[in-house]
1. Under 9 Å by Cβ, and 6 or more places apart or on different chains, what pairs join a residue from the range 44-64 that is modelled with pLDDT under 75 with one that is more than 11 Å from ligand 2 (Cβ to nearest atom) and of a type in the set (S, T, N, Q)?
2. What tally of residues in the range 97-121 results from selecting those that are more than 15 Å from Ile26 (Cβ to Cβ), surrounded by 19 or more Cβ atoms within 10 Å (Cβ to Cβ) and out of contact with any Asp or Glu (no Cβ under 7 Å at 6 or more places or on another chain)?
3. Please specify each residue of the range 18-73 satisfying the condition of being among the hydrophobic types (A, V, I, L, M, F, W, C), away from ligand 1 (no atom under 12 Å from the Cβ) and farther than 19 Å from Gly180 by Cα.
4. Say whether the condition of being farther than 24 Å from Phe71 by Cβ and assigned to a helix (DSSP H, G or I) is met by at least one residue in the range 169-180.
Amino acid sequence: MRVSSIEFTIGAVGKGDLPAAGLPEIAFAGRSNVGKSSLINRLVQRKKLARTSSTPGKTQQLNYYLANEQFYLVDLPGYGFVSGGVGLRSTLGKIVGRYISDRQELRAVLQLIDARRGPTELDLQMIEWLQEAQKPFLLVFTKADKLSRNKLTTQFDRLDSQKSLAGISFVSFSAVDGRGKDDILGWIDDALAGKAV
Ligand SMILES: Nc1nc2c(ncn2[C@@H]2O[C@H](COP(=O)(O)OP(=O)(O)OP(=O)(O)O)[C@@H](O)[C@H]2O)c(=O)[nH]1
Ligand SMILES: [Mg+2]
């Protein structure tokens with residue numbers, strides 16, 4: 001798949017702001033600073049579409065981007081930073097939780113995890129929510145360019161042996177060198193066609 005057109009639609013702060021029913025939605029979740037906005041920019045080949053920042057907590061709303069006039073990419077607020085980002089129990093965290101469990105238009109979620117750190121407690125909580133909501137999701141290990149090939153392999157071996165993650169699909173990604181991009185776009189394609197698990 002290629003994203004041939006993309007435009008910012010709305011920054012939603014509450015349920016009432018979400019776009020009216022209809023178009024399918026693909027959401028990007030993960031802790032603050034993990035690289036959600038950078039991933040979206042890379043997927044659509046636009047350096048400055050989604051605002052990125054070295055200060056965690058930049059994205060404080062559900063940012064909707066209309067792609068190919070057919071579906072939305074939704075940049076969710078990052079969690080896990082005491083100042084700036086939101087806790088999953090905060091108001092914004094609850095909005096994210098409710099969005100995942102209740103939003104009919106949500107087809108699939110890309111759950112981002114920093115490849116260097118591996119999943120945090122809050123990441124595992126998100127994964128649990130996704131499983132409970134029975135939404136298809138893909139784990140994306142970001143900033144893979146910051147790890148040597150050896151370290152990446154060790155990290156993935158460790159993940160493989162983590163029971164709570166058994167059987168979950170994952171891909172490694174870098175917004176710097178673009179690795180993983182095509183796999184992610186292919187997965188989104190499948191998700192839109194109802195073929196992702
Ligand atoms: N080396 C490297 N840096 C990255 C990568 N992805 C993101 N970054 C950097 O990490 C920082 C955070 O990236 P963002 O895309 O703003 O992160 P976010 O998840 O949207 O953060 P919030 O909006 O705060 O939730 C920025 O300084 C990015 O340049 C990557 O793949 N490799
Ligand atoms: Mg962001």
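The values are calculated or read from the model by the stated rules, or taken from the named source; none is laboratory data. Keep in mind that what you see is a predicted model, and the values were worked out from it rather than measured. Positions of Cβ are generated from backbone atoms using ideal geometry, with glycine treated the same way; all protein chains shown enter the neighbour counts.
1. Listed by first residue and then by second, the contacts come to Pro56/Ser83; Gly57/Ser83.
2. Of the residues in that region, 3 qualify.
3. Those that are among the hydrophobic types (A, V, I, L, M, F, W, C), away from ligand 1 (no atom under 12 Å from the Cβ) and farther than 19 Å from Gly180 by Cα: Leu18, Ala20, Ala21, Leu23, Leu66, Ala67, Phe71.
4. Looking for residues that are farther than 24 Å from Phe71 by Cβ and assigned to a helix (DSSP H, G or I), one finds none in the range 169-180, hence no.
Rundown of residues vs (1) in contact with a Leu (Cβ under 9 Å, 6 or more places away or on another chain); (2) within 18 Å of Leu110 (Cα to Cα); (3) modelled with pLDDT of 85 or more, yes/no style:
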{"site": "Pro136", "(1), (2), (3)": "yes, yes, yes"}
{"site": "Phe141", "(1), (2), (3)": "yes, yes, yes"}
{"site": "Ser148", "(1), (2), (3)": "no, no, yes"}
{"site": "Lys163", "(1), (2), (3)": "no, no, no"}
{"site": "Ala175", "(1), (2), (3)": "yes, yes, yes"}
